[in-house]
Structures are given as structure tokens and as C-alpha cells.
Amino acid sequence: MTTALTTPTTPEEDLAQVQREHGGPLFSYLLRLCDGDRQRAEDLVQETYVRAWQHPEALDARFESVRPWLFTVGRRLAIDARRARLARPAEVGDAVLENARVCADHAERSAAALDVREAVATLTPEHRAVLLEVYFKGASVAEAARTLGIPPGTVKSRAYYALRALRRVLPGYASDLR
């Protein structure tokens with residue numbers, strides 16, 4: 001006949017008595033350790049009672065009070081839980097994902113660059129020169145006018161007509177060219 005090895009556990013009525021006597025102060029203590037997070041504190045209280053149930057020697061009548069043991073176990077569980085949370089990356093909620101910037105992959109960016117390059121090649125040399133100065137080099141209208149040796153009004157009109165031509169050639173990118 002085989003006998004299963006069982007670990008002695010604390011009787012339920014003894015555990016219920018411990019909970020009645022020490023539950024309130026233990027919860028308050030763990031709530032402070034959890035910075036007011038009631039759910040986390042409740043979980044820690046429950047885990048502390050599981051440990052008390054697993055270790056009946058902690059409730060031995062030889063000790064004046066079980067409260068120091070409960071508080072020590074609860075504090076250690078709180079420390080372990082905090083370390084575990086800090087070791088893992090923060091969870092991302094749906095709101096964060098909805099607001100996250102979506103980046104196109106490398107292949108899409110490369111294809112878009114080729115499309116734009118081909119479209120710019122269809123422009124007149126004057127229009128290309130204005131776009132190069134204003135949009136690719138980031139020059140102001142006045143700086144582009146000085147560099148190209150043309151009046152600022154001409155820079156503005158050439159940029160307008162160049163973008164209009166690009167919108168016709170690149171209909172899928174029209175919202176990006178405003």
C-alpha cells in the first residue's frame with residue numbers, strides 16, 4: 001500500500017480566525033506598500049493567507065502573535081511583485097496602440113521614393129529646380145529666389161504649378177502633397 005506524501009496545512013477555522021484578527025491591519029499595510037492599488041493589495045493579502053495555510057507552524061501557540069509573521073510575508077510578496085513588474089516591459093493598452101504612428105515598411109518607402117523620383121523627372125527643369133530648393137533643401141522662398149536668380153513671386157508660382165503637376169501624376173499621394 002502506497003501513501004501519498006502530503007504537506008500539513010492550517011485548518012480552515014484557524015485560518016479564518018487569523019483573517020478576522022489580522023485581516024484589516026494586513027490589508028491597510030499592504031495597501032500602503034502598493035501605493036493605494038486596492039486590487040494589488042487584495043491579491044497580496046490572499047497570497048499571504050495561502051502562505052499561512054501552507055505553513056501551520058507559523059500559527060503555533062508558542063508565538064505571542066502571528067501578525068509579525070504575516071506582515072513579513074506580505075512585505076516580501078509585495079517586494080517580489082514590484083520587482084517582477086519592473087522586470088517586465090510595461091503593458092500597452094488599446095488607446096496607446098490606436099495613437100501610435102504607423103511606419104511603412106522599407107519596401108513601401110522605397111517604392112514611394114521611386115514613384116516620386118519618376119514623377120519629378122516629368123517636370124520642367126525650372127519647376128524641378130524650385131522644388132529642389134524649397135522642398136528638398138528647405139530653403140525659404142526668398143532664399144530660393146536668390147539662389148535661382150528669379151523673383152520670389154516666380155518661385156511661389158512655379159512651386160504651385162509643380163505640385164499641381166505632381167498631384168496629377170501621383171494621384172495616390174495627393175494628400176501628402178498639400
Residue check: is P68 outside any helix (DSSP H, G or I) and not aliphatic (A, V, I, L, M)? no
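Given the criteria closer than 30 Å to V169 by Cβ, small (G, A, S), at pLDDT below 90 and surrounded by 10 or more Cβ atoms within 10 Å (Cβ to Cβ), does A81 qualify? Working first, answer last.
On the way: closer than 30 Å to V169 by Cβ: no; small (G, A, S): yes; at pLDDT below 90: yes; surrounded by 10 or more Cβ atoms within 10 Å (Cβ to Cβ): yes.
The answer is no for A81.
Checking the condition touching a helix residue (DSSP H, G or I) at 6+ places or on another chain (Cβ under 7 Å), modelled with pLDDT under 80 and in a helix (DSSP H, G or I), which residue from A174, A119 passes? Explain how you work it out, then say what you get.
Details: A119 fails: modelled with pLDDT under 80.
None of the other options fit; the residue is A174.
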Take A139 and tell me if it is on the phi < 0 side of the Ramachandran plot and at pLDDT 85 or above. yes
Being open to solvent by less than 80 Å² (accessible area, probe 1.4 Å), in a helix (DSSP H, G or I), at pLDDT below 90 and of a type outside the set (A, V, I, L, M, F, W, C) is the filter here, so list the residues in the range 15-53 that pass it. Q17, H22, G23, Y49
Out of (1) at pLDDT below 80; (2) part of a loop (DSSP other than H, G, I, E, B), the one A58 does not meet is (2)
Those residues of the range 127-144 which are outside any helix (DSSP H, G or I) and aliphatic (A, V, I, L, M), in sequence order: A139
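The values are calculated or read from the model by the stated rules, or taken from the named source; none is laboratory data. Keep in mind that this is a model prediction, so the values were computed, not measured. Backbone-built Cβ (ideal geometry, glycine too); neighbour counts: all protein chains shown. For the accessible areas, the whole protein counts, side chains as well, though only heavy atoms, and no ligand, DNA or RNA atoms are used. Shrake-Rupley method; radii C 1.70, N 1.55, O 1.52, S 1.80 Å.
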